[in-house]
Amino acid sequence: MTAPVCLISGVGPGTGSALARRFAEGGYRVALLARNEERLAALEKQLQGAKAYRCDVSDPAQVETVASAVEGDLGHPSVVIHNAVGGAFGTFREIDPQILNRNFQVNTMGLLYLARRFAPAMISAGKGAIVATGNTSALRGKAGFAGFAPTKAAQRILAEAMARDLGPQGVHVAYLVIDAVIDLEWTRKRWPERLDDFFIKPKAIADEVWHVAHQDRSAWSFNVEIRPFGEAW
């Protein structure tokens, strides 16, 4: 058990799976976290050294149970990627307030629970990386994103506070703003008229997360923005 360990939350069919494949290809044993056990089991079979764990990251008890299992099965993660996301569309008058709270629990509190659980081992080792995947909603509150943007903005600020705390202790914290529509089956159906260049590829996102997680400590990034070349910004 000498290979490094990467833990990824929110392992779905897009970015999460791409992240798992990239880190497995890079020699990591990967802990796959999500609520969909069927999807996790299928990916676990495809990736050597990967292990699946059903986990709702908004529940601190589940995070603790899974964290202990991961450490027992694979070892202490040197990279933790919080990719789990809760989202909803609608103006502030249209959304169900409980949905906003639920998204906050997944997006922001989930990051807090994971970081509090795994950062101490990284601090002891004097190295490690915690990366949160975000999007443009972390930077602006558009009218129809009232059930989502506040939680991503809070997530980004939490990550920044963590980075200022953990950086001097040797642990790199970064926030990746994905300013694009991710290339998924459902997004292709929603924007059927769009050409390939409109979408960002999950593999390209994973490659950038890999790069950020392995930056030289003399040149760490925190706010990282990625978008297709034709994206207006």
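Span-like helix check, the chain: no full DSSP H segment qualifies, none having both a Cα axial length of 30 Å or more and a mean Kyte-Doolittle of -1.0 or more. A DSSP coil position with no more than 13 other Cβ atoms inside 10 Å describes the following trypsin sites (Lys or Arg not before Pro) in segment 38-123: Arg93.
Using Cβ counts within 10 Å as a stand-in for footprinting exposure, how do Trp210, Trp233 rank, fewest first?
Working: Trp210 19, Trp233 7.
The fewest-first ordering by Cβ neighbours comes to Trp233, Trp210.
When only alpha carbons are used to place a centre, segment 125-140 and segment 145-177 end up 5 Å from one another.
To the nearest 20 debye, what charge dipole does segment 2-86 have about its Cα centre, counting +1 at the Cβ of each Lys and Arg and -1 at the Cβ of each Asp and Glu? Walk me through the intermediate numbers first.
Details: 8 positive and 9 negative charges, 62 e Å.
The calculated dipole for segment 2-86 is roughly 300 debye.
Can you put Thr151, Thr187 in order of Cβ neighbours within 10 angstrom, beginning with the fewest? The partial results should precede the final answer.
On the way: Thr151 26, Thr187 17.
Ascending Cβ contact count within 10 Å gives the list Thr187, Thr151.
Electrostatic bookkeeping for Arg188 treats Lys and Arg as +1 and Asp and Glu as -1; over the other residues with beta carbon under 15 Å from its beta carbon, the sum is -1. Working from the Cα coordinates of segment 5-226, the gyration tensor eigenvalues give, after taking √(5λ), semi-axes of 26, 20, 18 Å in decreasing order.
State the extension gain, in nm to one decimal, for the chain segment bounded by Arg190 and His211, taking 0.36 nm per residue of separation less the distance between their alpha-carbons. Before the final figure, lay out each step's value.
Details: separation 21, 0.36 × 21 = 7.56 nm, distance 3.05 nm.
Full extension from Arg190 to His211 adds 4.5 nm.
Give me the net charge for the shell around Gly167: Cβ to Cβ below 14 angstrom, other residues only, Lys and Arg +1, Asp and Glu -1. Mind showing how you got there, number by number?
Details: positive: Lys127, Arg164, Arg217; negative: Glu160, Asp165, Asp216.
Net charge in that neighbourhood comes out at 0.
Using the structure shown, list the pairs from Lys45/Lys152; Lys51/Lys203; Lys45/Lys127; Lys51/Lys127 with a Cα-Cα distance above 27 Å, or answer none. Each step should come with its number before you reach the end.
On the way: Lys45/Lys152 32 Å; Lys51/Lys203 20 Å; Lys45/Lys127 30 Å; Lys51/Lys127 23 Å.
The pairs that break the limit, which is 27 Å between Cα atoms, are Lys45/Lys152; Lys45/Lys127.
Note on segment 5-226: with charges restricted to the Cβ of Lys and Arg (+1) and Asp and Glu (-1), its dipole about the Cα centre is near 120 debye. Between the residues Val173, Phe229, Val5, the greatest Cα displacement towards the positive end of the dipole of the chain, with unit charges on the Cβ of Lys, Arg, Asp and Glu, is found for Val173. Projecting the Cα atoms of Ala159, Gly27, Pro202 onto the dipole axis of the chain, where Lys and Arg carry +1 and Asp and Glu carry -1 at the beta carbon, places Ala159 farthest toward the positive end.
Which GluC sites (Glu not before Pro) from segment 156-233 combine a DSSP loop assignment with at most 15 other Cβ atoms within 10 Å?
Hits after loop and neighbour filter: Glu193, Glu231.
Computed from the Cβ-Cβ distance with R0 of 30 Å, the FRET efficiency linking Asp165 to Phe92 stands at 0.40.
Springs join every pair of Cα atoms under 10 Å in this Gaussian network model of the chain, and among Ile95, Ile205, Ile81 the largest mean-square fluctuation is at Ile95.
Every number in this text was worked out from the coordinates using simple rules, so none of it is lab data. Quick caveat, the model's predicted, so the values are computed rather than measured. No Cβ is skipped: glycine too gets one built from the backbone with ideal geometry, and neighbour counts run over all protein chains shown.
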